[in-house]
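Everything on this sheet refers to the single structure shown next.
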Amino acid sequence: MAAVIELEHVTFSYGEEAEDQGFIEDLSLSVEEGSFVAVLGHNGSGKSTIAKLLSGLKLPQKGRVFVCGIDTSDEERELEAKKNIGMVFQTPDNQIVATIVEEDVAFGPENLGVEPSEIRRRVDEALAAVGMEEYKDHAPNKLSGGQKQRVAIAGVLAMQPRCMVLDEPTAMLDPRGRGEVMKTILRLREQYGMTIVLITHYMNEAAMADRVVVMDDGRVAADGTPREIFSQVQKLKQLGLDVPQPTELIDQLKQAGIDLPDGILTVDECVQAVTRAFMEE
Amino acid sequence: MTILETKKLRHIYGEGTPFEQAALTEVDFTVESGTVVGIIGHSGSGKSTLVQHFNGLLKPTGGEVLLKGKSIWDEPKKIREVRFQVGLVFQYPEYQLFDETVEKDIAFGPKNMGLDENEIARRVAHAADVVGLSERLLKRSPFDLSGGEKRRAALAGVIAMESDVLILDEPTAGLDPRGRDSILDRLLRFQRESGTTMLIVSHSMEDMARVADKIMVLDHGRIALYDETGAVFSRAAELKALGLDVPQITGVFHGLRKNGLPVEENVYTVAKGRDTLLPLFRERGQGTC
């Protein structure tokens, strides 16, 4: 499969006065079309800087960033690159512009000069995809956090990007809102083959991805499947991160000499593994 | 001893207007001095409205709030004193930093309390120590700090007021795991040493499990549950129906119990989970001692 996103030896910093703000150093990374990549890292590790580079909000000081094969610093094709990347941020309130849900979702395609009948079709489809079609006539400010975030996602979806970059989209939400947003993300990938880059602090969200990239000091510290990454409990802790609780429990039991399998990520897997070990005797 | 109490507390926004909306209805509860109470509930359940009543930022539209047995609105002119006794840290408090240096920013509260220079200096040093801000950072502008350091500076500003009750609204939101653990550990240590009563609002069940003695669950402006932490997390189905959840580790133990393992359901931290399972495995001759 082709790469939707390519970073080639990218270096970027916010300058000497902001040393501790996520610089990036000689970073190379490629994301395959249709994959779901989670990016982890402590605050200031450079995670959000990646999002800004992909969206073209920042340009690399060294190296190159390609979106669907287009160099983001190519001024003539800048718009074309931006069209292919949809951004979703932490606070949906900063991203919602209209007073009616469906008008908000239509804002993006309107600005791209899409035909009115096609806009209608896309808005309906996008709202259905995030499960918000019932609310199309509502005012966004009356919605819950999770619903607002899904409207923000629909707004991005209506522009039909090939890749969606979400920067901590669930940080402000309650558990139900978090669940709604994660389900929506998984559905986008399945139904539309959308490439997803999810920046998060929640390890259980990262565990749902195909691939986890761990950032530290502006570089990639680890890159692999969730199973590969989360089996390195000690390394992740050194990097200021965590592992999902079921993984941590298994790790602690293993350290005490109990014979349990590697790579446990979810509650169900943990229950099965412990039950099996317990019944063996 | 009861330090904080509400009696039939009611709050209606825009009462008497067409936009009238009940945010709290008949809330009755008590908080014991020196305990940590976690407040959870989905967005819009009334958490923020409730905590703003504790230091008189909102005035009840019915019922009353009692601090040390006395209604805080008995003498409305003395509400400022209530605010010195009940410290409130809002969500994302780093946006409230304003002074030239971190030191001056932390000193703002104590200064307003009319304390003398020496006492202010002692409190600033102590609060900075509690949150783990080094002396070097105290002389810098708060705007030059990193996100995590700003959060600590803002917390220190309220801790320096040495109030009897400290209310924290989402103190760890947006922090990475290391930052979150460090702030929670430090707050908890401070709480144990000072005996401050603490109320913490959070969406993170895992954080609540680590710090709270008791948990209050709000739903549509009413108290749905208010009990010891373990007892609240043993009611997974009810919590899920309220748009909440249990910590993942609690989910594991519910599953193990369903599979017939002799474990209790009220396990809510990984450490307790390990300590529950290890003896069971050892009885069966597995694992090293």
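Excluding residues on the same chain fewer than 8 positions from B:Lys47, give the lysines whose Cα lies under 17 Å from its Cα.
B:Lys7, B:Lys8, B:Lys59, B:Lys214
Return the Rg/Rh ratio of region B:1-70 with Cα-based radii and a Kirkwood Rh. Can you show the working numbers first?
Working: Rg = 12.6 Å, Rh = 12.7 Å.
Computed over Cα atoms, the ratio is 0.99.
Label points 7 Å out from Cα along the Cβ direction at B:Arg122 and A:Arg120: separation in nm?
For the pair B:Arg122/A:Arg120, the computed spacing is 7.5 nm.
Is it possible to state the helix-based mean residue ellipticity at 222 nm for chain B, with each DSSP H run of 4+ residues giving -39500 (n - 2.57), the sum divided by total residues, to the nearest 500 deg cm²/dmol? What is it?
When only DSSP H runs of four or more count, the value is -12000 deg cm²/dmol.
Where both partners of a DSSP beta bridge lie in region B:138-289, what percent of those bridges are antiparallel, to the nearest 5?
Percent antiparallel among DSSP bridges in region B:138-289 is about 55.
Which value in nm describes the separation of the simple spin-label points at A:Asp217 and A:Leu112, placed 7 Å from the Cα toward the beta carbon?
According to this spin-label approximation, the distance is 4.1 nm.
Give me the percent of DSSP beta bridges within chain A that run antiparallel, rounded to the nearest 5.
Bridges in chain A are about 50 percent antiparallel.
Take A:Ala256 and B:Arg80, extend 7 Å from each Cα along the Cα→Cβ direction, and tell me the distance between the two endpoints in nm.
Modelled inter-label distance: 5.6 nm.
Go ahead and estimate [θ] at 222 nm for chain A from helices alone: -39,500 (n - 2.57) per DSSP H run with n ≥ 4, summed, over the residue count, rounded to 500.
That comes out to -11500 deg cm²/dmol.
Using only the Cα atoms of chain A, build the gyration tensor, take square roots of its eigenvalues as a ≥ b ≥ c, and label the shape rounded, prolate or oblate: rounded if a/c is under 1.5, else prolate if a/b is larger than b/c, else oblate.
oblate
Grab the beta carbon distance between B:Asn112 and A:Glu103, set R0 = 56 Å, and tell me the FRET efficiency rounded to 0.05.
Details: r = 46 Å, r/R0 = 0.82.
Efficiency at R0 = 56 Å is approximately 0.75.
Considering only chain B, what is the antiparallel percent among its DSSP beta bridges, to the nearest 5? Show your work: numbers first, answer last.
Values: 21 of 38 bridges.
Just about 55 percent of them are antiparallel.
On full extension of the chain, what length is gained from B:Thr101 through B:His220, given 0.36 nm per residue of separation minus the C-alpha to C-alpha distance?
Gain in length upon complete extension: 38.7 nm.
Per q in 0.13 1/Å, what log10 I(q)/I(0) does a Debye calculation on the alpha-carbon atoms of chain B return?
The calculated log intensity ratios at q = 0.13 Å⁻¹ are -0.95.
Would you mind calculating the gained length between A:Ser28 and A:Thr275 on full extension (0.36 nm times residue separation, minus the Cα-Cα distance), in nm to one decimal? Walk me through the intermediate numbers first.
Working: separation 247, 0.36 × 247 = 88.92 nm, distance 4.23 nm.
Once the chain is fully extended between A:Ser28 and A:Thr275, it gains 84.7 nm.
From the cross-link list A:Lys58/A:Lys83; B:Lys68/B:Lys150; A:Lys58/A:Lys237; A:Lys58/A:Lys82, which pairs have alpha carbons spaced over 22 Å apart?
Among A:Lys58/A:Lys83; B:Lys68/B:Lys150; A:Lys58/A:Lys237; A:Lys58/A:Lys82, the Cα-Cα distance tops 22 Å for B:Lys68/B:Lys150; A:Lys58/A:Lys237.
Bear in mind that the values in this text are calculations on the coordinates, not laboratory data. Not measured: the values here are computed from a predicted model. Cβ sites come from the backbone with ideal geometry, for glycine too, and all protein chains shown count toward neighbours.
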